[in-house]
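> Below: one structure in structure tokens.
The values are calculated or read from the model by the stated rules, or taken from the named source; none is laboratory data. Please read these numbers as outputs of a predicted model, since none were measured by experiment. Reconstructed Cβ throughout: ideal geometry from the backbone, glycine too, with neighbour counts over all protein chains shown. Remember, those area values only see protein heavy atoms, side chains included, never the ligands or the DNA or RNA. Shrake-Rupley method; radii C 1.70, N 1.55, O 1.52, S 1.80 Å.
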Amino acid sequence: MNQTALHRKLALKDLKDLKKVSSKKLFDLRVAANLPLIKELFYTLYSDPKYNRYFNELQELLPSLFQTRSDELKMHDLQLLKKGNWYQSEKMVGMQLYVDLFNKNLKGIEEKIPYFKELGINFLHLMPITTRPKGENDGGYAVNSYTAVDRKFGSKKDLLALTSKLRKNDIYLMLDFVVNHTSDEYPWAKKALKGSEKYQGYYYMFPDRTIPDAFEASLPEVFPATSPGNFTYRKEIDRWVMTVFNTYQWDLNYANPKVFLEMLSNLVAMVNSGVDVVRFDALAFLWKKIGTNSQNLPEAHMLITLFRMCLQTIAPGVIFLAEAIVAPKEIIKYFGEGNRKGNECEVAYNASLMALLWNSIATKKTLLLNKTLRNSPEKPEETTWINYVRCHDDIGLGLEDQYISELGWNPWLHRMFLLDYYCQGLDWSPAKGFKFMHNPSTGDGRITGSCASLLGLEKAMQNQQKEAVDKAIKKILMLHGIILSFGGIPLIYAGDELATLNDYSYLNDDHKKNDNRWVNRPSHQWETVAQLKDGDRPASIIFNGLKHMISLRKKIKLFSDTNNVVLHDAHNPHLFLYERIGKKKDGVLILANFDEHPQIIDSSVLVSLGYIKEGALHDILTNKKWPLSSGLVEVQPFQLLWLAKP
Ligand code: GLC
């Protein structure tokens, strides 16, 4: 049993009469349950005896942080524990959005609760809302504070009002904890720039290039085109500062236990505004070591677990999402391994599925998708994925080279093909995307562009090609229908429900024009929303299609994530076939055709799985039953079926 399950048990025992239970008693129980692991992790990370006193500090810090949590949130924690693994439920459907781009400010988000409800959204990821540098700030991922709300979004009071309203409406909230770095305007950074040795020790700073060069020998670059290298020289202090992301994002030095203690306080202050899910930003980068790529290191995993186990004692309802956009076999480790299994993050982005879906669209084949998924280890039981098609970032080609080679393709050429297909390198491709951080010498690169533009809608509309428009619409619905039925929380990127195209206005903004991820960060189109009644427009078809699929998803208990996804072989390289199976031989079979031609599947496959009875099939999405006229079942281009088991 992992720690969450243990807490749930303890909480359930006492929940019968919540009013009578002292929250202090529950806190003491949680500390007792977690302390052995906390201690082990702490002493492994900070083994030097000179750090012993910091463990005592931590033990004193936990109860004082618990004091800062409001009674309402303490009760909310217990209610969440009582709900069990609520994050695995089929009822979960999320949306990710920029507050200002969506509807001006936090009050504007509150006003749009009816919109979320109409679509069926009950989980929101609000992009960073705290203070940030005025100029470039990586969309708020350069933080000047972990708690002070930036004025353009409103006030702390507005945030508390919003979170309370969301709770009343059963909408869960996710906010980012930018745990790897602060901005260079953060109070610690400012003090470090004034020469404070204490605060210089909160970051990685070096008087000359000796250590930076040693690091650089094996450190990859995150933003090679705009922010090459991993260190920035600051003449004010004649020091090289580690800046793995942008020059103004300073990496925190977690080898210093004081940094951990202070960041834990920041984390608690942040969740105390009413956060249910903490998005642990860029967590793969948390620990640095010369001679390695300083990503996914065992110490990073220990540190994340340490944060989590400590937070569990204070805010046990809050869960963690791993933002680790790394190789498939590395992502899974963020759920925890060994004695940390299930005790690290409950949720992780399914970046592999996302990249593989885009790969399948470009190749029109599902070979790599199937091969990779089949070879992926099963995640721990208490965990789940965030399944997504697009987000605010670029699409990284996180594909396993070994599998690409095993399919007989050259990995380097394959990646070149994908970049060309999506980034206007091939005349015949319907996609309109852009290369991001492309390095012509290595061929490395990522892709930006909105879901609709990458799937061909922008070009089709420009060229007024009705057939191509229809095709793009089908693809958008098919990909979303997959994330809505695959195990995990589907997260829709705001705007994609309206088939929003690329937004080129960022080119007019000096602080954005060098970062083309802004092409897929559009303002929400409320004029389009006002015209949704006009059912023939692409936006209306997509919105209504998603709304329909979401409402169906919520009715299908088997869509709750209990590790019940089974992949099947459709014996056709263009088809993706998987089943959500129940314990009582019940199930739903999902079938998607990635090709632009009709494809067939041998009906004996469907018969043997139990989905054809008396010669007929039943599709849940269209609620149509149809008899088979031959031994083959035809699947139309980009068609998606959710087949019911008779
Ligand atoms: C995450 C965010 C990305 C940001 C980076 C640095 O990957 O998703 O937008 O640039 O972290 O904070």
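> Here is a list of conditions, (1) more than 16 Å from the ligand (Cβ to nearest atom); (2) part of a helix (DSSP H, G or I); (3) closer than 21 Å to H574 by Cα, and A355 meets all of them except one; can you say which number that is?
It is condition (1) that A355 fails.
> Mind telling me which of the residues M437, M478 ends up being closer than 30 Å to L558 by Cα and in contact with a strand residue (DSSP E or B) (Cβ under 9 Å, 6 or more places away or on another chain)? Outline the logic, then answer.
On the way: M437 fails: closer than 30 Å to L558 by Cα.
Sole residue among the options that is closer than 30 Å to L558 by Cα and in contact with a strand residue (DSSP E or B) (Cβ under 9 Å, 6 or more places away or on another chain): M478.
> Considering only residues that are assigned to a loop (DSSP other than H, G, I, E, B) and open to solvent by less than 10 Å² (accessible area, probe 1.4 Å), which ones fall in region 319-335? Break it down into steps so the answer makes sense when it comes.
Initially, region 319-335 is screened for residues assigned to a loop (DSSP other than H, G, I, E, B), giving 323-327.
Across region 319-335, the qualifying residue is only A324.
> Given D427, D420, D394, D401, which one is within 16 Å of the ligand (Cβ to nearest atom) and either without any contact (Cβ under 8 Å) to a residue 60 or more places away in the chain or open to solvent by 20 Å² or more (accessible area, probe 1.4 Å) (or both)? Let's see the steps before the verdict.
Numbers: D427 fails: within 16 Å of the ligand (Cβ to nearest atom); D420 fails: within 16 Å of the ligand (Cβ to nearest atom); D401 fails: within 16 Å of the ligand (Cβ to nearest atom).
Being within 16 Å of the ligand (Cβ to nearest atom) and either without any contact (Cβ under 8 Å) to a residue 60 or more places away in the chain or open to solvent by 20 Å² or more (accessible area, probe 1.4 Å) (or both) holds for just one of D427, D420, D394, D401, which is D394.
> Would you mind telling me which numbered condition in (1) more than 16 Å from the chain's Cα centre (by Cα); (2) open to solvent by less than 10 Å² (accessible area, probe 1.4 Å); (3) more than 18 Å from H524 (Cα to Cα) G445 fails?
Unmet for G445, out of (1) more than 16 Å from the chain's Cα centre (by Cα); (2) open to solvent by less than 10 Å² (accessible area, probe 1.4 Å); (3) more than 18 Å from H524 (Cα to Cα): (2).
> Only one residue in G135, G120, G84 is among the small types (G, A, S) and either within 23 Å of R517 (Cβ to Cβ) or within 16 Å of the ligand (Cβ to nearest atom) (or both), so which one is that? Can you show your working first?
Numbers: G120 fails: either within 23 Å of R517 (Cβ to Cβ) or within 16 Å of the ligand (Cβ to nearest atom) (or both); G84 fails: either within 23 Å of R517 (Cβ to Cβ) or within 16 Å of the ligand (Cβ to nearest atom) (or both).
On inspection, the qualifying residue turns out to be G135.
> Let me ask something else about it. Among (1) within 16 Å of the ligand (Cβ to nearest atom); (2) in contact (Cβ under 8 Å) with a residue 60 or more places away in the chain, which single condition is L160 missing?
(1)
> Starting from residues that are under 20 Å from G487 (Cα atoms) and either within 16 Å of the ligand (Cβ to nearest atom) or charged (D, E, K, R) (or both), keep the ones in region 516-558 and report whichever is least open to solvent (accessible area, probe 1.4 Å).
Filtering region 516-558 for residues that are under 20 Å from G487 (Cα atoms) and either within 16 Å of the ligand (Cβ to nearest atom) or charged (D, E, K, R) (or both), the one least open to solvent (accessible area, probe 1.4 Å) comes out as R553.
> Could you check, for region 273-282, whether at least one of its residues is more than 16 Å from the ligand (Cβ to nearest atom), open to solvent by 10 Å² or more (accessible area, probe 1.4 Å), modelled with pLDDT of 95 or more and of a type in the set (V, I, T)?
Step one: of region 273-282, the residues more than 16 Å from the ligand (Cβ to nearest atom) are 273-276.
Imposing the further condition that a residue be open to solvent by 10 Å² or more (accessible area, probe 1.4 Å) reduces the set to none.
Checked region 273-282: no residue is more than 16 Å from the ligand (Cβ to nearest atom), open to solvent by 10 Å² or more (accessible area, probe 1.4 Å), modelled with pLDDT of 95 or more and of a type in the set (V, I, T).
> If a residue must be in contact with a strand residue (DSSP E or B) (Cβ under 9 Å, 6 or more places away or on another chain), in a loop (DSSP other than H, G, I, E, B) and under 21 Å from D213 (Cα atoms), how many such residues does region 251-291 contain?
Adding up the residues that qualify gives 3.
> Where in region 167-245 are the strands (runs of 3 or more DSSP E), entirely inside, with at least 3 residues that are under 19 Å from Y146 (Cβ atoms) and within 16 Å of the ligand (Cβ to nearest atom)?
Working: elements: 172-177, 181-183, 231-234, 239-242.
Passing ranges, in order: 172-177, 181-183.
> Restricting attention to strands (runs of 3 or more DSSP E) lying wholly within region 575-645, give those where 3 or more residues are open to solvent by 20 Å² or more (accessible area, probe 1.4 Å) and not small (G, A, S).
Working: elements: 575-581, 587-593, 599-602, 616-619, 624-627, 632-635, 640-644.
Hits in region 575-645: 599-602, 624-627.
> Test V149 against the stated conditions and say whether it is more than 16 Å from the ligand (Cβ to nearest atom) and surrounded by 19 or more Cβ atoms within 10 Å (Cβ to Cβ). Explain how you work it out, then say what you get.
On the way: more than 16 Å from the ligand (Cβ to nearest atom): yes; surrounded by 19 or more Cβ atoms within 10 Å (Cβ to Cβ): yes.
Yes; evaluated as a whole, the condition is true for this residue.
> Please specify each residue of region 434-449 satisfying the condition of being touching a Phe, Trp or Tyr at 6+ places or on another chain (Cβ under 8 Å) and touching a residue at least 60 places away in the same chain (Cβ under 8 Å).
At the first step, the residues of region 434-449 found to be touching a Phe, Trp or Tyr at 6+ places or on another chain (Cβ under 8 Å) are 437, 443, 445-449.
Those that are touching a Phe, Trp or Tyr at 6+ places or on another chain (Cβ under 8 Å) and touching a residue at least 60 places away in the same chain (Cβ under 8 Å): M437, I447, T448, G449.
> If only one of L491, L501 is outside any loop (DSSP other than H, G, I, E, B), under 24 Å from the mean Cα position of the chain (by Cα) and in contact (Cβ under 8 Å) with a residue 12 or more places away in the chain, which one is it?
Working: L501 fails: outside any loop (DSSP other than H, G, I, E, B).
None of the other options fit; the residue is L491.
> When region 559-573 is examined, which residues are found to be of a type outside the set (V, I, T) and open to solvent by 30 Å² or more (accessible area, probe 1.4 Å)? Step through it out loud before you land on a result.
From region 559-573, those of a type outside the set (V, I, T) are 559-561, 563-564, 567-573; that's our starting set.
Hits for region 559-573 are N563, L567, H568, D569, H571, P573.
> Let me ask something additional. Within region 294-312, can one find any residue that is assigned to a loop (DSSP other than H, G, I, E, B), open to solvent by less than 10 Å² (accessible area, probe 1.4 Å) and of a type outside the set (D, E, K, R)?
Residues of region 294-312 that are assigned to a loop (DSSP other than H, G, I, E, B), as a first pass: 294-297.
Retained after the next criterion (residues that are open to solvent by less than 10 Å² (accessible area, probe 1.4 Å)): 294.
Filter again for of a type outside the set (D, E, K, R), leaving 294.
Yes, region 294-312 has at least one match.
> Just name the residue that is nearest to T372 (Cα to Cα) out of those in region 304-335 that are more than 16 Å from the ligand (Cβ to nearest atom) and either acidic (D, E) or touching a Pro at 6+ places or on another chain (Cβ under 7 Å) (or both). First the steps, then the outcome.
To start, the set of residues in region 304-335 that are more than 16 Å from the ligand (Cβ to nearest atom) comprises 305-319, 328-329, 332-333, 335.
Narrowing further to those that are either acidic (D, E) or touching a Pro at 6+ places or on another chain (Cβ under 7 Å) (or both): 332, 335.
Numbers: I332: 13, F335: 19 Å.
Per the stated criteria, the residue is I332.
> A follow-up question, please. Just one of D28, D14 is modelled with pLDDT under 65 and assigned to a helix (DSSP H, G or I); which is it? I'd like the intermediate steps shown before the answer.
Numbers: D28 fails: modelled with pLDDT under 65.
Being modelled with pLDDT under 65 and assigned to a helix (DSSP H, G or I) holds for just one of D28, D14, which is D14.
> Quick check: is even one residue across region 363-376 within 16 Å of the ligand (Cβ to nearest atom), open to solvent by less than 50 Å² (accessible area, probe 1.4 Å) and not assigned by TED's automatic domain parsing to the domain that holds G317? Explain how you work it out, then say what you get.
Residues of region 363-376 within 16 Å of the ligand (Cβ to nearest atom): none.
No, region 363-376 contains no residue that is within 16 Å of the ligand (Cβ to nearest atom), open to solvent by less than 50 Å² (accessible area, probe 1.4 Å) and not assigned by TED's automatic domain parsing to the domain that holds G317.
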